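The values are calculated or read from the model by the stated rules, or taken from the named source; none is laboratory data. Here the structure is a predicted model, which is why all the values come from computation and not from measurement. Here the Cβ positions follow ideal geometry from the backbone for every residue, glycine too, while neighbour counts run over all protein chains shown.
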Amino acid sequence: MAEPRRFELAISPHVISNLDTRRIMYDVAVALLPALAAAVWFFGPRALLLVVASVAAAVLSEYLSLKFMKRPVSFVLDGSAVVTGILLAFNLPPGVPVWLPVVGSAFAIVVGKQAFGGLGHNIVNPALLGRAFLMASFPVLMTAGWTAPVNRDGDGTYSDTHGIPVVELAGVPGADAISGATPLNVLKQSFDLDSGAGAVELEGDRAGADEMRLKAASMRRALYGAGTLKNLLIGKRGGCLGETSIVMLFLGGIYLVLRKVLELRLPLSYLGTVALLGWVFGGGGWFDGNPLFHVLSGGVVLGGIFMVSDMVTTPVTPRGRIIFGLGAGLITMIIRRWGGYPEGCSYSILLMNLTTPLINRLTRPKFFGEVKKNG
Amino acid sequence: MSLAKDLTNGIFRENPIFKLALGMCPFLAVTTSVENALGMGAAATFVLICSNFLVSLLRNLIPSKVRIPCYIVIIATFVTLVDMVMNAYLPELHRSLGIFIPLIVVNCIILGRAEGFANRHPVLNSVADAVGMGIGFTLAMVILATFRELLGSGTWLNMNVLGRNYANQPLLIAILAPGAFILLGFILGVFNILEKRRGGAK
């Protein structure tokens, strides 16, 4: 005889939403597909191979860790490992060997996620942790694997990994010296030239210093040129696999907003801060940077749409989300302008991930009727 | 307690690193290679044995109000000895261990055993305890250093183990600071699993 159905009491809220982990994760994965298509278009089928290897390694290590820890193996189907795998591959240069994303994904899942207790307990974004791990372990592979996008329009508008088309490049004296780098690398080179010019001037070589400054300024002018910005927008430049095609990333972002998975506060405050600070100190001097260039180059759009908005590792309160975006934007721009790396997006998000519990506590909403402690 | 029990106490049951979590600073810092780990372990073990011996010998003479300064003076004496001997006969090792040799003075294991064991046990037991703790500390260092050196440079005791291809492209993070913490976490996890199994069998 079947047990009589018990009368069940549940605490509020009583609204049932169909927004569960699996739906969210597969929505995110779908939203990443346009950028994947762009990566395959610009960097060839190898890009797909890297992504597939990364996802396979992520899912397999998720399965093995769950098995080892005797937790329900069905968690592997919630899609979070798939998203981590795609995001990790998106953060790698296209020229890396296939084993690199495999090692990175395994580390991201085992150490970054499962060691902390699985989805919802990880303190930092696993994909970014995997990237930081690879960056510390294989610095040469991670900074030299840039490949130029496939040249599909003949030689006339061919652009190298830095994405600056020939027309714009003509204005830079000795332009050969800036090949084999990403746009942000070129920006960093121009900053280095500027500080080098100061040293040369101290030695008394006024003319040499002026020449270096002129070259730095012309490099920046080429980067800010309309042709370069257009290339950056469609993704025709060197860079990490999934970060280059801004249009496709925004397409995915719009899909996520329509599906109510992406809340706009985080991306907007992050990208807004990057743009504002890009104008304030992102150029050679003060208030002469190009905000558009700073948003389009590097990985801030990928980070801003898909990683700043990771639900586990970012604040839950509305005010907290804005603070998070401001902080991450500030750190990104400080690293870009004065740091050792050309791009600071991933480290900025990792650092802000660590402050998330503090931000949550700081911005905890007041209960109705609650009185300030020493008010 | 019997001598044998005092001796084996530090190796597994109360392993200073894995169970007491003492002396983490040199443990994480110098385990980049097995050679460094052995050197550090030997130095710490020597100081541990000597200080435990002397503290136990003088335990009824040292007024308890000033016992910590007295321990520090005793330990510092032996550390200075080790420092000078190492500098004279093993200059290479001395250079790679650097500041961590003088820092043995404030090593928690040595101070902890002086305060927690030698202070209230007879000389022979104290020496046995020091030997056990020293072996346990060295063993723990060698275990972590083995993983770090193998992964981080593909060698073990400077012998190429994993081949030239690996040595050209090693997992650099293993010999950096984060690698030490990550690997320590894993080793502690394995140690706890072993402990649980042993407890379950009883």
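Answer yes if at least one residue in segment B:150-163 is within 14 Å of another protein chain (Cβ to nearest Cβ), of a type in the set (S, T, Y) and touching a residue at least 24 places away in the same chain (Cβ under 8 Å), and no otherwise.
Yes; the residues of segment B:150-163 include at least one that is within 14 Å of another protein chain (Cβ to nearest Cβ), of a type in the set (S, T, Y) and touching a residue at least 24 places away in the same chain (Cβ under 8 Å).
Assess whether A:T143 counts as being in contact with a Phe, Trp or Tyr (Cβ under 8 Å, 6 or more places away or on another chain), at pLDDT 80 or above and of a type in the set (S, T, Y).
no
Only one of these is closer than 16 Å to A:L249 by Cα and assigned to a helix (DSSP H, G or I): A:L36, A:L66, A:L48, A:L77. Name it.
Checking each option against the conditions leaves just A:L36.
In segment A:104-116, what residues are closer than 18 Å to A:S346 by Cα and either within 12 Å of chain B (Cβ to nearest Cβ) or touching a Pro at 6+ places or on another chain (Cβ under 6 Å) (or both)?
Scanning segment A:104-116 gives A:G104, A:F107, A:A108, A:V111, A:G112, A:K113.
Return the residue satisfying two criteria in turn: it lies in segment B:145-171 and is part of a helix (DSSP H, G or I) and touching a Phe, Trp or Tyr at 6+ places or on another chain (Cβ under 7 Å), and of such residues it is farthest from B:T45 (Cα to Cα).
B:L150
Just for segment A:281-310: of the residues that are of a type outside the set (G, A, S) and free of Cβ contacts under 8 Å to residues at least 12 places away in the same chain, which one is surrounded by the most Cβ atoms within 10 Å (Cβ to Cβ)?
The extreme case among them is A:D288.
Only one of A:L276, A:L271 is surrounded by fewer than 20 Cβ atoms within 10 Å (Cβ to Cβ) and part of a helix (DSSP H, G or I); which?
Of the residues listed, the single one that is surrounded by fewer than 20 Cβ atoms within 10 Å (Cβ to Cβ) and part of a helix (DSSP H, G or I) is A:L276.
From A:G304, A:G298, A:G375, A:G369, which residue is of a type outside the set (S, T, Y), closer than 23 Å to A:P139 by Cβ and modelled with pLDDT under 95?
Going through A:G304, A:G298, A:G375, A:G369 in turn, just one is of a type outside the set (S, T, Y), closer than 23 Å to A:P139 by Cβ and modelled with pLDDT under 95: A:G298.
Could you please find all residues in segment A:343-375 being at negative phi, assigned to a loop (DSSP other than H, G, I, E, B) and more than 13 Å from the chain's Cα centre (by Cα)?
Those that are at negative phi, assigned to a loop (DSSP other than H, G, I, E, B) and more than 13 Å from the chain's Cα centre (by Cα): A:T363, A:R364, A:P365, A:K366, A:F367, A:F368, A:E370, A:V371, A:K372, A:K373, A:N374, A:G375.
Need the failing condition index for B:L183 against (1) under 23 Å from B:T45 (Cα atoms); (2) within 14 Å of chain A (Cβ to nearest Cβ); (3) touching a Lys or Arg at 6+ places or on another chain (Cβ under 7 Å), just the number.
With (1) under 23 Å from B:T45 (Cα atoms); (2) within 14 Å of chain A (Cβ to nearest Cβ); (3) touching a Lys or Arg at 6+ places or on another chain (Cβ under 7 Å) applied to B:L183, the lone miss is (1).
Only one of (1) more than 14 Å from chain A (Cβ to nearest Cβ); (2) loosely packed, with under 15 Cβ neighbours inside 10 Å; (3) among the charged types (D, E, K, R) fails for B:D129. Which number is that?
So B:D129 meets the others, but not (2).
For B:T146, only one of the following conditions fails: (1) more than 10 Å from every other protein chain (Cβ to nearest Cβ); (2) among the polar types (S, T, N, Q); (3) over 24 Å from the mean Cα position of the chain (by Cα). What is its number?
It is condition (3) that B:T146 fails.
Quick test for you: out of A:A127, A:A136, pick the one residue that is away from chain B (no Cβ under 14 Å) and either touching a helix residue (DSSP H, G or I) at 6+ places or on another chain (Cβ under 6 Å) or outside any loop (DSSP other than H, G, I, E, B) (or both).
A:A127
Before we move on, is A:P93 more than 14 Å from chain B (Cβ to nearest Cβ) and over 18 Å from A:V28 (Cα atoms)?
Against the criterion (more than 14 Å from chain B (Cβ to nearest Cβ) and over 18 Å from A:V28 (Cα atoms)), A:P93 qualifies.
Given the conditions (1) farther than 26 Å from A:S348 by Cα; (2) buried (at least 19 other Cβ atoms within 10 Å of the Cβ); (3) away from chain B (no Cβ under 14 Å), and given that A:S65 satisfies all but one, which numbered condition is not satisfied?
If we test A:S65 against (1) farther than 26 Å from A:S348 by Cα; (2) buried (at least 19 other Cβ atoms within 10 Å of the Cβ); (3) away from chain B (no Cβ under 14 Å), just (3) comes out false.
Among the residues of segment A:258-268, which ones are surrounded by fewer than 16 Cβ atoms within 10 Å (Cβ to Cβ) and either assigned to a helix (DSSP H, G or I) or touching a strand residue (DSSP E or B) at 6+ places or on another chain (Cβ under 9 Å) (or both)?
If the condition is that a residue be surrounded by fewer than 16 Cβ atoms within 10 Å (Cβ to Cβ) and either assigned to a helix (DSSP H, G or I) or touching a strand residue (DSSP E or B) at 6+ places or on another chain (Cβ under 9 Å) (or both), then A:L258, A:L268 are the ones that fit.
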